[in-house]
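Structure, as structure tokens:
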Amino acid sequence: MASQKMLTELNNQIQEEIFSSYLYLSMAACFADKNLNGCAQWMTIQSQEEYAHAMKFYQYVLDIGGRVELQAIQKPDFEWPTPLSMFEGALAHEKHVTGRINLLVDIAVEEKDHATNNFLTFFVGEQVEEEANATQIVENFKMVGDNIQGLYMLDKELGARQV
Ligand code: MG
């Protein structure tokens, strides 16, 4: 059984992951509004992935006999000026989530909570992947700049993302 401090942070992480899902869904809607349907598709899948992350934490808390206590979800941003600014926002958010996962690992190590530490290993790896993906897309949008054809191609490419 995890400590109360660990349980509190695991519960907070359910909120963080649900908020991530909410944020990316808001970005998907903004992309759809701009007729960038490939980007919207990418963000919709990203949103679903974040929901799945939330459910992994949810299930883990139940598995260790803890009580799930859901927290309030704040309103995500609604409007972004450019596709680049959206993916920069996604990258900044993923860096924040990496900080959260590192905090959880720090607590698990401190408390010699090997089970939670082991559970978190997936998320440590996942965050490396998330940051790498977002960084690559940010760089792609920088490369394309104001080129409409490039934007069209990049939107198509991102729309090819599968679950
Ligand atoms: Mg996540």
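Computed values, structure above
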quantity	calculated
In segment 93-108, residue farthest from the ligand (Cβ to nearest atom) [restricted to those that are over 10 Å from the mean Cα position of the chain (by Cα) and open to solvent by 20 Å² or more (accessible area, probe 1.4 Å)]	Asp106
Asn35 among the polar types (S, T, N, Q), surrounded by fewer than 19 Cβ atoms within 10 Å (Cβ to Cβ) and closer than 16 Å to Trp80 by Cβ	yes
Residue within segment 44-52 that is at pLDDT 95 or above, open to solvent by 10 Å² or more (accessible area, probe 1.4 Å), within 11 Å of the ligand (Cβ to nearest atom) and among the acidic types (Asp, Glu) present	yes
Test for Gln41: is it among the polar types (S, T, N, Q), surrounded by 19 or more Cβ atoms within 10 Å (Cβ to Cβ) and away from the ligand (no atom under 12 Å from the Cβ)	yes
Complete set of residues in segment 57-68 that are part of a helix (DSSP H, G or I) and crowded, with 16+ Cβ neighbours inside 10 Å	Phe57, Tyr58, Tyr60, Val61
Segment 120-163, residues that are surrounded by 14 or more Cβ atoms within 10 Å (Cβ to Cβ) and within 14 Å of the ligand (Cβ to nearest atom)	Leu120, Phe123, Val124, Glu126, Gln127, Glu130, Glu131, Asn133, Ala134
Residue check for Glu111: surrounded by fewer than 18 Cβ atoms within 10 Å (Cβ to Cβ), in contact (Cβ under 8 Å) with a residue 60 or more places away in the chain, farther than 15 Å from Asn133 by Cα and away from the ligand (no atom under 16 Å from the Cβ)	yes
Answer from Glu69, Glu49, Glu79 - the residue that is under 21 Å from Phe119 (Cα atoms) and in contact with a helix residue (DSSP H, G or I) (Cβ under 7 Å, 6 or more places away or on another chain)	Glu69
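Here is a yes/no grid of residues against (1) within 21 Å of Glu111 (Cβ to Cβ); (2) surrounded by fewer than 20 Cβ atoms within 10 Å (Cβ to Cβ); (3) at pLDDT 95 or above:
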{"site": "Gln4", "(1), (2), (3)": "yes, yes, yes"}
{"site": "Thr8", "(1), (2), (3)": "yes, yes, yes"}
{"site": "Phe19", "(1), (2), (3)": "no, no, yes"}
{"site": "Tyr24", "(1), (2), (3)": "no, no, yes"}
{"site": "Ala29", "(1), (2), (3)": "no, yes, yes"}
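The values are calculated or read from the model by the stated rules, or taken from the named source; none is laboratory data. Treat the numbers as computed from the prediction; the structure is a model and nothing was measured. A quick note on method: Cβ atoms are made from the backbone with ideal geometry, for glycine too, and the neighbour counts reach across all protein chains shown. The protein model used for the area step is the full one, side chains on, heavy atoms only, and it has no ligands, DNA or RNA in it. Shrake-Rupley method; radii C 1.70, N 1.55, O 1.52, S 1.80 Å.
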